[in-house]
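Structure first, commentary second.
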Amino acid sequence: MSTESTPEMKIAHLRYAGKEAFVAESPSGHALVTGFAHESLASPTPMELILIALGGCMGADVVGILEKKRQVVTSYEIEVRGSRRDEHPRIYTRIEVVHRVRGRGVDPKAVARAVELSETKYCSVSAMIGANTEIVTSCEVTEE
């Protein structure tokens, strides 16, 4: 089996680093540490990375869509909150994504539409997670 990524197959590599930690390398060659919370491990857990992935995917979509709509965004923050069930496997049962956009003359309807398009059409992470988890989005637009 090949260990190189292809357009059809993306391969991540993880190397055990001790104390339930792994050094992970993404298919694009970026490295990070992940594992389970220990006093000596200052890195996100795999489940935290899912929240980050969702926020990053949606955020990139929303920024791109708003740029195309010529919206002047000066600040954009995303808060992703996940609720997990108590029994194993402890999957997320509900994820809330709050998009906070600040700018000059930003149309709240344009922001809401950009978020909707990301969630329902463009964000692969949202599509994958949303197949088994309730995702609830909201937008806050503030004039600068």
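Only Cα pairs under 8 Å and 6+ residues apart enter the sum, and on that basis the relative contact order of the range 46-143 stands at 33 percent.
Excluding ARG84 itself, what net charge comes from residues whose Cβ is under 15 Å from its Cβ, given Lys and Arg +1 and Asp and Glu -1?
-1
Distance between the 7 Å Cα→Cβ label points at ALA42 and VAL72: 4.0 nm. Seen from VAL97, the other residues with C-beta closer than 10 Å to its C-beta sum to a net charge of -2, counting Lys and Arg as +1 and Asp and Glu as -1.
Fewest neighbouring Cβ atoms within 10 Å first, the residues LEU14, LEU49, LEU54 line up as LEU14, LEU49, LEU54.
Annotation: the antiparallel percentage among DSSP beta bridges lying fully within the chain is about 70.
In this simple spin-label approximation, ALA12 and ARG81 carry label points 7 Å from Cα along the Cα→Cβ vector, and these lie 2.6 nm apart. Of the residues ILE95, VAL80, GLY56, the one whose Cα sits farthest towards the positive end of the charge dipole of the range 46-143 is GLY56 (charges of +1 on Lys and Arg Cβ, -1 on Asp and Glu Cβ, taken about the Cα centre). Against the main long axis of the alpha-carbon atoms of the chain, helix 46-68 sits at an angle near 30°.
Read-outs: derived from the displayed coordinates by stated rules, not from any lab. In this text, all values refer to a predicted model and were calculated from it rather than measured experimentally. Quick reminder, even Gly has a Cβ in these numbers, built from the backbone with ideal geometry, and neighbours come from all protein chains shown.
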